Every structure is written in C-alpha cells, then in structure tokens.
Amino acid sequence: MVASMRSDLARYTGVIAKSISLAEDRANILIENGWLEQPPQAAVERKQLTRV
C-alpha cells in the first residue's frame, strides 16, 4: 500500500488491522480448546539413520 498511487487504499488499514486481531483471537480459541491440530511432522531418528 505504501508504494501504491491509489489514495483510497489507506482507508483499509483499519480494516486490515481489525482482521488480523480477529484472526489471532480465533486462533487462540482454537488452541485453548485443543481444536487446532499440529501439522504432521517427520519423525526422524537420526541415530538409527547413521547406523550401518
């Protein structure tokens, strides 16, 4: 938005800030209730991989 020549985009900064705040609140609710799942992680046993 800083490099844009359009002056009407500056009006949306408040809306963007509010959206970010709401998204954080929703994520915190998901975390508190245990509804947010962690993405699958690669379980690498490095000691087993180095054994020949």
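The values are calculated or read from the model by the stated rules, or taken from the named source; none is laboratory data. Note that the coordinates shown come from a computational prediction; the quantities given were computed from them, not determined experimentally. Please note: Cβ atoms are built from the backbone with ideal geometry, for glycine as well, and neighbour counts cover all protein chains shown. What goes into the accessible areas is simple: the full protein's heavy atoms, side chains included, and nothing from ligands, DNA or RNA. Shrake-Rupley method; radii C 1.70, N 1.55, O 1.52, S 1.80 Å.
Restricting segment 17-52 to residues that are among the hydrophobic types (A, V, I, L, M, F, W, C) and open to solvent by less than 80 Å² (accessible area, probe 1.4 Å), which is modelled with the lowest pLDDT? Here the answer is V44. Give all pairs with beta carbons closer than 6 Å in which a residue from segment 15-31 that is at positive phi and part of a helix (DSSP H, G or I) meets a residue that is charged (D, E, K, R) and open to solvent by 70 Å² or more (accessible area, probe 1.4 Å); count only pairs at least 6 apart in sequence or on separate chains. Within 6 Å, no pair qualifies.
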